[in-house]
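Enquirer: Questions regarding the structure given below will be posed in turn.
Please treat every number below as a calculation from the coordinates, not as lab data. Since this is a predicted model, take the numbers as computed values, not measurements. Please note: Cβ atoms are built from the backbone with ideal geometry, for glycine as well, and neighbour counts cover all protein chains shown.
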Amino acid sequence: MGGGLRGTGAIPEPSYTAQTRPNVLETRLPPERQPQPYKIGVGDVVLLATPAGSSVEQLSGLLAAQNSRQGYTVQDDGSIAIPDVGRVAIAGLTLEEAEATLFQSLVSAQIEPTFSLEISQFNSKKVSIGGAVPKPGVVPITLTPLYLDEALAGVGGTTAANMDYTSVRLYRDGTIYQIPLEALYSNNSLQKIPLMSGDSIFVDDTYQLDQASAYFTQQIQLASYRQDARTAALSQLQTEVSLRRAMLEEARSNYRAQVEFDATDRDYVYLAGEVKKQGRFPLPLARKASLADAIYEGATGLATTTADPRHIYVLRGSEDPMEFDALTAWQLDTSNVATLTLATRFELRPNDIVFVAEQPIARWNRVINQITPSILSISANAVQ
């Protein structure tokens, strides 16, 4: 009669086909790696352990958190904030390196406590475990290396009903490795595979990669989400820094424009007599100016052909309103080289007047230049 019922056609295929168990599970081991010393990371909590006899007075504010067993959390920038010391970067350092760095920071802050560094909470390096285990979750990596058998024991072992067809899959750096559970428990070397931060372990007893793939995909998405969040935070920080730099640059530009157009309050010293250009000499901002700055400045300094270096005067009026017409005068003779140092130490004040006398020969020259046209004019008239 065939394989079908009368009037109904062929019998449809079953909606579910039982999976055939594999005969042998393949073993794929990760590359051998030696355990490395633990390096402090973001999120770890460190504790400064001090002798019982130390006091808060001796260690200043350093032990305020220590006495309450509170510790210091390594923040996103890799540093911890210690009272009276400041921020100390310890992320990426081993415990011994971090202890030496902290000791140098405390000595620089004139605090010399006797202490040892401890890690009270390991939060930066973890291994996630899922699948056929009683308590799926994460296992932290501590100062001692974390091996595969210890990680499985940390979540209660496995719940696999049949060890022969159960595998432990390890996801690391984009590659999935596989170890049959029977081989794992019968081979000590497989049990002592060191785990690394970011590893994901999935105990598979369903003979399919679907659940393991979904679990690893979830772990990858979580890692990607954390990375995206940090990238967004860094981008936001860079944007804020750029805005602040732009604001500072705008403020500098505005101030330069005010200085250029003489729209800001400035103090001046006035130059007169035998100088290259009579006028006012602006006193510098945020620092002092000496007499040497004014008389040896390139554009407004001494007129070398007519100035008398023996007679350089500084005139300063009294600041007392009741002494409106009172003034004090100083004379500097720069013809003597030994007195030039006095010009570098003489501090100018706002509204000082620097007067440089003319040389006698220059005065005589000017008299001749003034009377020569008159003599020539008289001679010309007499000839006519």
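Enquirer: What does the charge dipole of region 274-360 about its Cα centre add up to, to the nearest 20 debye, if the Cβ of each Lys and Arg holds +1 and the Cβ of each Asp and Glu holds -1?
Expert: Dipole of region 274-360, to the nearest 20 debye: 380 debye.
Enquirer: Still on this model: Amide H of Asp44: which non-local residues (sequence gap of 5 or more, or other chain) have their own amide H closer than 5 Å, using H built in the peptide plane?
Expert: Amide H to amide H, under 5 Å and 5 or more residues apart or across chains, Asp44 pairs with Val74, Asn123, Ser124.
Enquirer: Tell me, what HN-Hα J-couplings in whole Hz come from the Karplus equation 6.51 cos²θ - 1.76 cosθ + 1.60 at θ = phi - 60° for each residue of region 86-93, using x for Gly and Pro?
Expert: The phi angles translate into x, 8, 10, 7, 10, 5, x, 9 Hz.
Enquirer: Using the number of other C-beta atoms within 10 angstrom as an exposure proxy, rank Lys277, Lys126 with the fewest first.
Expert: By the 10 Å Cβ count, ascending, the order reads Lys277, Lys126.
Enquirer: Then there's this: Can you pull out the chymotrypsin sites (Phe, Trp or Tyr not before Pro) in region 216-309 whose DSSP state is coil and whose Cβ has at most 10 other Cβ atoms within 10 Å?
Expert: Phe261
Enquirer: Taking 8 Å as the Cα distance limit and 6 or more residues as the minimum spacing, I'd like the relative contact order of region 268-364 as a percentage.
Expert: Here the relative contact order equals 39 percent.
Enquirer: Something else: If eta is 0.692 mPa s and T is 37 °C, what Stokes-Einstein diffusion coefficient results for region 126-264, Kirkwood Rh from Cα pairs, in µm²/s?
Expert: It comes out at roughly 179 µm²/s.
Enquirer: Report ³J(HN,Hα) in whole Hz for each residue of region 129-144, in order, from the Karplus equation J = 6.51 cos²θ - 1.76 cosθ + 1.60 where θ = phi - 60°; Gly and Pro get x.
Expert: 9, x, x, 7, 9, x, 10, x, x, 10, 10, x, 8, 10, 4, 8
Enquirer: In addition: What GluC sites (Glu not before Pro) in region 289-334 are in a loop by DSSP, with at most 16 other Cβ atoms within 10 Å of the Cβ?
Expert: The qualifying sites are Glu297, Glu319.
Enquirer: Which far-off residues, 5 or more places away or on another chain, put their amide H under 5 Å from the one on Gly273, with H placed in the peptide plane?
Expert: For Gly273, whose amide H was placed from the backbone, the distant partners under 5 Å are Val356.
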